[in-house]
Amino acid sequence: MKLMEYQGKDLFRRVGIPTPSGVYATAAGDVASYIAAHPGSWVLKSQVMMGGRGKAGGIKFADDAQHGEALARELFGKVLKSIQNPDGEEVKSLLVEEKVDIASEAYVSIAIDRAARKPVVLVTAQGGMDVEEVAERDPGAIEKYWIDPAMGYSPFIGRKLAFDAKLPEGYRKAFPSILGALYTLFMDYGANLVEINPLVLTKDGRVIASDAKVELDDNGLYKHPDIAKWNKEQPTDDDQAAAVAIGLGMSNYAKLPDEDGRIGSVGVIANGAGLGMGTMDAVKNAGGGAANFLDIGGGAQADLVKKSYNLVTSDPRVKAMFINIFGGITRGDQVAKGIVEALAGDDVRKVPLVVRLTGTNAEEGRAILAQAGFVPVETMDEGAARAVALASGGK
Ligand code: GDP
Ligand code: MN
């Protein structure tokens, strides 16, 4: 799960990393009233997942309420584009923050180094720009330190990194405790990545996290239900919103781009992202292409199966559907019931359907399908081949 900046900063504050004062806003009027109540210089920061907002025109500066309101109106609804996200992302909310006078911008992050099986800390004095850029141009300017999780963090690590990365003097005192807090966040919240870019040294000598990028491991979210629920609150595109609307997680449904001018025409429903990807590969091996993909998750009930069927067929490119379920927590009979219910309605778009059920209650599921006149397939490859043939008008 990727967090937006304002959410990342919420976690920063929980562990004691200094952030600029400010407010989260979803309407231009709120921006105006906040600035009116707190005179000074403010930054309006578009809250989108993609990075490089500065370059994309998503960060503006305002000195009074009226100007702030005008800029907010300009930003709300604007679609920001970057190299990583050429389709763009619409701005739906803003973070209004105290504008700080920057003396220096540093970069610090912690990520998992899977080869070393340790968290690795990256620090450079050249913050503010993409760290990839620094790595390419001046790799020696990036200092690394692998933290032994059994030993944990000690302030000497922060002191050494600040010194080796030649952070300006002003950082030296605050940096070890900020890095310690960042490490606490990384471990306690099960992060894959935490990044502060820039970690700002202000002209009045404060060290502040001016930006926040946090990615949490979904497998650890059960430990923090208050954060897990953010996942459903912040859909950033139509597919994510559609997935959330039927009760799935944000990343459980995605339309796929048309590859090499070849339009994918098979709708795919599977339980589990891994099985979903395998299913899409099988469709490709069979000479076709997936139009979209829906991960129905574990323990899918009949009602969710029905909603999922409708979502997948709402994509007009879908000419046939392949439902591939490996029953574990998900029960075959529940899935079969959902399919039969979905197709019983007059309000659904019916497309040729291929179902493969295996695992828990597969027998019961197949019986339900057989009664409704379906012949389920035995293997994934067989199902993929059938679906591809049906999508291209064959039998
Ligand atoms: P990103 O472009 O999405 O990474 O967004 P950032 O939060 O990193 O902001 C981009 C750039 O905007 C920073 O590197 C700063 O140069 C500038 N910026 C952001 N906040 C402030 C601020 O409070 N004061 C000043 N002077 N510049 C800021
Ligand atoms: Mn940044």
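Please find, among Ser210, Ser265, the residue that is over 20 Å from the mean Cα position of the chain (by Cα), open to solvent by 20 Å² or more (accessible area, probe 1.4 Å) and within 16 Å of ligand 2 (Cβ to nearest atom).
On the way: Ser265 fails: within 16 Å of ligand 2 (Cβ to nearest atom).
Result: Ser210 is the single residue among Ser210, Ser265 that is over 20 Å from the mean Cα position of the chain (by Cα), open to solvent by 20 Å² or more (accessible area, probe 1.4 Å) and within 16 Å of ligand 2 (Cβ to nearest atom).
Hey, can you tell me all the residues within the stretch 38-68 that are away from ligand 2 (no atom under 16 Å from the Cβ) and open to solvent by less than 30 Å² (accessible area, probe 1.4 Å)? Please lay out each step first, then the result.
Restricting attention to the stretch 38-68, the residues satisfying the condition of being away from ligand 2 (no atom under 16 Å from the Cβ) are 38-42, 62-68.
Hits for the stretch 38-68 are Trp42, Ala62, Ala65, Gly68.
Conditions (1) on the phi > 0 side of the Ramachandran plot; (2) small (Gly, Ala, Ser); (3) touching a residue at least 40 places away in the same chain (Cβ under 8 Å); (4) not assigned by TED's automatic domain parsing to the domain that holds Ser308, marked per residue:
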{"site": "Val351", "(1), (2), (3), (4)": "no, no, yes, no"}
{"site": "Thr358", "(1), (2), (3), (4)": "no, no, no, no"}
{"site": "Asn361", "(1), (2), (3), (4)": "yes, no, no, no"}
{"site": "Glu364", "(1), (2), (3), (4)": "no, no, no, no"}
{"site": "Ala367", "(1), (2), (3), (4)": "no, yes, no, no"}
{"site": "Pro376", "(1), (2), (3), (4)": "no, no, no, no"}
{"site": "Thr379", "(1), (2), (3), (4)": "no, no, no, no"}
{"site": "Gly383", "(1), (2), (3), (4)": "no, yes, yes, no"}
{"site": "Ala387", "(1), (2), (3), (4)": "no, yes, yes, no"}
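Any residue in the stretch 1-16 that's more than 16 Å from ligand 1 (Cβ to nearest atom): show its pairings with residues that are open to solvent by 50 Å² or more (accessible area, probe 1.4 Å) at Cβ separation under 6 Å, as long as the two are six or more apart or on different chains.
Pairs that qualify, where the first residue is more than 16 Å from ligand 1 (Cβ to nearest atom) and the partner is open to solvent by 50 Å² or more (accessible area, probe 1.4 Å), are Met1/Asp218; Val15/Thr184.
What number goes with the only condition from (1) open to solvent by less than 50 Å² (accessible area, probe 1.4 Å); (2) among the polar types (S, T, N, Q); (3) modelled with pLDDT of 90 or more that Gln334 does not pass?
Condition (3) is where Gln334 drops out.
For the stretch 213-229, which positions are crowded, with 17+ Cβ neighbours inside 10 Å and within 30 Å of Glu105 (Cα to Cα)?
Correct list: Lys213, Val214, Leu216, Ile227.
Since Glu105 meets every condition but one in (1) in a strand (DSSP E or B); (2) closer than 30 Å to Lys166 by Cβ; (3) within 15 Å of ligand 2 (Cβ to nearest atom); (4) within 21 Å of the chain's Cα centre (by Cα), which condition does it not meet?
(4)
Just checking, which of Gly152, Gly77 is outside the structural domain of Arg206 (by TED's automatic domain parsing) and in a loop (DSSP other than H, G, I, E, B)? Even if it seems obvious, please write down each step before you answer.
Numbers: Gly152 fails: outside the structural domain of Arg206 (by TED's automatic domain parsing).
Only one candidate qualifies: Gly77.
When only residues in the stretch 88-107 that are in contact (Cβ under 8 Å) with a residue 12 or more places away in the chain and more than 13 Å from ligand 1 (Cβ to nearest atom) count, which is surrounded by the fewest Cβ atoms within 10 Å (Cβ to Cβ)?
The initial filter retains those residues of the stretch 88-107 that are in contact (Cβ under 8 Å) with a residue 12 or more places away in the chain, namely 89-107.
Subset that is more than 13 Å from ligand 1 (Cβ to nearest atom): 90, 92-93.
Values: Glu90: 13, Lys92: 15, Ser93: 17.
This residue is Glu90.
Quick check: anything in the stretch 311-323 open to solvent by less than 20 Å² (accessible area, probe 1.4 Å), touching a Ser or Thr at 6+ places or on another chain (Cβ under 8 Å), of a type outside the set (A, V, I, L, M) and not in a loop (DSSP other than H, G, I, E, B)?
So far as the stretch 311-323 goes, yes, one or more of its residues are open to solvent by less than 20 Å² (accessible area, probe 1.4 Å), touching a Ser or Thr at 6+ places or on another chain (Cβ under 8 Å), of a type outside the set (A, V, I, L, M) and not in a loop (DSSP other than H, G, I, E, B).
Output the number of residues of the stretch 117-140 satisfying the condition of being over 25 Å from the mean Cα position of the chain (by Cα) and open to solvent by 20 Å² or more (accessible area, probe 1.4 Å).
The qualifying residues number 7.
For the stretch 69-87, how many residues meet the condition of being buried (at least 18 other Cβ atoms within 10 Å of the Cβ) and acidic (Asp, Glu)?
The qualifying residues number 1.
If you take the residues in the stretch 157-215 that are of a type in the set (A, V, I, L, M, F, W, C) and in a loop (DSSP other than H, G, I, E, B), which one is nearest to Gln7 (Cα to Cα)? Before you say what the answer is, go through the steps one by one.
Within the stretch 157-215, the first condition is being of a type in the set (A, V, I, L, M, F, W, C), and the residues that meet it are 157, 161-163, 165, 167, 174-175, 178-179, 181-182, 185-187, 191, 193-194, 196, 199-201, 207-209, 212, 214.
Then drop every residue that is not in a loop (DSSP other than H, G, I, E, B), which leaves 165, 167, 174, 212.
Values: Ala165: 28, Leu167: 27, Ala174: 23, Ala212: 8 Å.
Ranking the qualifying residues of the stretch 157-215, first place goes to Ala212.
Residue by residue through the stretch 44-71, note down the ones that are in contact with a Pro (Cβ under 8 Å, 6 or more places away or on another chain) and near ligand 1 (Cβ under 10 Å from one of its atoms).
Looking only at the stretch 44-71, we keep the residues that are in contact with a Pro (Cβ under 8 Å, 6 or more places away or on another chain), and these are 64.
Of everything in the stretch 44-71, nothing turns out to be in contact with a Pro (Cβ under 8 Å, 6 or more places away or on another chain) and near ligand 1 (Cβ under 10 Å from one of its atoms).
The values are calculated or read from the model by the stated rules, or taken from the named source; none is laboratory data. On a predicted model such as this, the values are computed, not experimentally measured, just so you know. Backbone-built Cβ (ideal geometry, glycine too); neighbour counts: all protein chains shown. Heavy atoms of the whole protein, side chains included, go into the accessibility calculation; ligands, DNA and RNA do not. Shrake-Rupley method; radii C 1.70, N 1.55, O 1.52, S 1.80 Å.
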